1. Filter region B:40-82 down to residues that are in contact with a helix residue (DSSP H, G or I) (Cβ under 6 Å, 6 or more places away or on another chain) and among the small types (G, A, S) and give me whichever is farthest from the other protein chains (Cβ to nearest Cβ).
2. So which of A:A206, A:A187 ends up being away from every other protein chain (no Cβ under 12 Å) and of a type outside the set (F, W, Y)?
3. How about region B:190-211: which of its residues are of a type outside the set (S, T, N, Q) and within 14 Å of chain A (Cβ to nearest Cβ)?
4. Taking the stated definitions as given, is A:L193 at the interface with another protein chain (Cβ under 10 Å from one of its Cβ atoms) and part of a helix (DSSP H, G or I)?
5. If you go through region A:438-453 one residue at a time, do you hit one that is within 9 Å of chain B (Cβ to nearest Cβ) and at pLDDT below 90?
6. Out of curiosity, is A:A276 under 30 Å from A:A339 (Cα atoms), without any contact (Cβ under 8 Å) to a residue 60 or more places away in the chain and in a helix (DSSP H, G or I)?
7. Any residue in region A:297-318 that is over 9 Å from A:A276 (Cβ atoms) sitting within a Cβ distance under 6 Å of a residue that is charged (D, E, K, R) and surrounded by fewer than 19 Cβ atoms within 10 Å (Cβ to Cβ)? List the pairs, counting only those 6 or more apart or interchain.
8. Which one is farthest from the other protein chains (Cβ to nearest Cβ) among residues in region A:380-420 that are surrounded by fewer than 16 Cβ atoms within 10 Å (Cβ to Cβ) and part of a helix (DSSP H, G or I)?
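The values are calculated or read from the model by the stated rules, or taken from the named source; none is laboratory data. What you see is a predicted model; the values in this text were computed from it and never measured. Heads up, the Cβs are rebuilt from the backbone with ideal geometry, glycines too, and the neighbour counts pull from every protein chain shown.
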Amino acid sequence: MSVASGVFALALLVATGWWPMRAFGARLAGDGLGGRIGLALALGAAATGFVQLVLSLLGLATGWFASGVLAVASLALVAARVGSSDDGRSPRPRAEAEVVTRARRLDRLVIGVVLVVACVSCFAGVGTPFRADGGKFWAPRARELAVHPVAEAPSLVDADAIGFHRDYPLLVPLLLAPVFERSPPDATSGPKLVLAGFACALLLLAGSLLLREGPAGRLLLLAFGTLPAWTSLDVRESLVAGGYVDVPLALFLLVLVDAVDRVRRGVCCAGDVVLAAIAAGALVATKLEGAAELVIVLVAWMLAGPRRGLVGWIVGGAALLAVPTLLLRGVALSSPPIADPGLLLDGGALLARSLPLLAGLAAIAFDASVFGLLPLLLVAVAWRARPALGRFVPLLVLGMLAFMACVYLATTMHLGRHLLTSAHRLAFHGLPALCVLVARGARLADEPAQGGSEDASAATTAEGA
Amino acid sequence: MRASADAILRVVALLAACALGFAALDVTELDGLPGFPGLDAWVAAHPDPRDLGEQGLAAHAAERAALRVADVHMLLAGLSFAAVAWALLPRRPLRACAALALGSAGAGLGTTAVSVHVQQERAASGAWTLGDDALVGVAGRSLADTLRGWRTTIPEDATVLVVGTQDWLLNPVAWALFPRRIVPLVVPVPSGWSAEQVADAAATLPHGEGTRRFVVDLAALAAREAAAGGADARDDEPRADDAPDGDARDAGFVAIGADGDPRGVRDAGAATRPALQELPR
């Protein structure tokens, strides 16, 4: 019953996102069905989450009605061919198709391996209940929101009742709430299936993007798609077992960064700006860290250029979509802060935390039980790709590292415990986007004489200017 | 000349793969591995502003040491796969990258195989299920049975005060008793207290007045679980907001000599107390 509800919820999310995917993201999603489903799920989740949050703020418990209406509306728009004049497909000439046969065989092999891992990952996620923060507040909040609107949810507004991180955004719990509503009291497999669906969407979209980037993209997909964290059942190491919402955040960040990269390189259409704005709004509505990561992406873009004038459109769209989340902060009780900025000015605290922080962050790159050898591979590919990376990617990486450093230097928890329980998930947020950017840089660096480098040279020229 | 040099390098890579593979196997025999040189001395000289306490720090250090074993094992195994791949791959521009990718995939597929095995084991014990009852997975079998019983005892409109610092039991209790109003009071129950003392102290608390009220004693529940050999459903994430509740402190739950004992069960009195009591109106 619960699994069936989860399947139905995923189908509704994909259906909801299908029209926006065709209207705004056909280029990003690419030719393959996998990329399209992945992007449609991300956009459907964003749209459904925003509407559910608004309805919940208006006093309605979260149910299926909004999801159903959105899905039907999206499919109706697709059927009416509204806004889908460019379906993004680019038929490959016959001669080129023959040349790439060997590459296609390798692609299929990699896809096969990643699908096996994804399948096991789904079972690892769906078959295990929520744990740690998943069991502490993500799932309980979703269960509450299926019964109460946000203004009446005990964990948000009752100071005595159990409730952790009351100020966390609610996009993902609102997507899980209808599944909980249709599940028996002790069932977790349906809601976990929705989260596993996000993991599959991330793999599909990252795979679709990486396979377009040639051999380096294929290698990065192989390493990313077989990360030990996909199938591990240990809560610290797993992307799926605990029931956290870091994978949806990584999915939205991937959409945002890829759309921004297209805009920067001038290979975009207006749809990419819309996509970036939707993904930016979804980041803010998913986790507190999402807002910081949005700022990092936009600041990196502002510093690296070009086409900085379009940043305003994305900020405006994201701000509009973030309004319900900001209103939510006015409804819910405040929580004890998870960071104390005063610690950033405390010499003693900085001294005590500096070396453990450096050691902890350095160790993440070698924590092969979580990330395999992917960090080392990323460095190796980035070294080859450095002529085409420009300033955007290094600024992005520096921004992410600076953010992590600030979070942990100012944490109100014991630094070692906080690093142990969250650093890998925080580092994972930007990993898929970084893989795509680095693979793209490697392709552009390896193909200087081909048309594919036009966008790179345009970007680097504009950066120089 | 170049071909022979390449052949020598391939042999060296295979030898390195063997050495790394054996080292990966050897590492698994260890109970723990030390951290970065000098780090422990630095931490001892400059304690973190948020102190874990001596016991907590020791537990944290032991956990880190054990996790390092898993990380180093996987790193060595991945590098071993990568060295084999490098030795077997033809000379191409992305040869080193391909070797790293294949090494990473080897480590990932190894974890996948282990995951399948563990999922099978958990399915046999009821902790892994695609069905509609995951309470055994949430709480372990013996605790799940206890919690199911409590659901029949506690009406849905009741308030449940939860005392004790065994926070690894708090999540399962809150999960199983949804949608009842759970009021967590993360305070230690003084060692040696009787059931009556717990109930009397809880009855003076203002939370949930006007409703039927129950008190869950996590220390007693932990003692029962330990006696039953229940599954360890511990949750290793410390909360940022676990300051003791002022009302509970006033009610005497934090007494001199009281021992917050989140992991072990050292309170002999806890084993004799009921874990659930209804409070008088």
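1. That would be B:S80.
2. Values: A:A187 fails: away from every other protein chain (no Cβ under 12 Å).
The conditions single out A:A206.
3. Taking region B:190-211 and keeping what is of a type outside the set (S, T, N, Q), we get B:190, B:192-193, B:195-196, B:198-203, B:205-210.
Matches in region B:190-211: B:A202, B:L205, B:P206, B:H207, B:G208, B:E209, B:G210.
4. So A:L193 passes the test.
5. yes
6. yes
7. Here the result reads A:M302/A:R308; A:A304/A:R391; A:A304/A:E463; A:G305/A:E463, each pair linking region A:297-318 to a residue that is charged (D, E, K, R) and surrounded by fewer than 19 Cβ atoms within 10 Å (Cβ to Cβ).
8. Result: A:L398.
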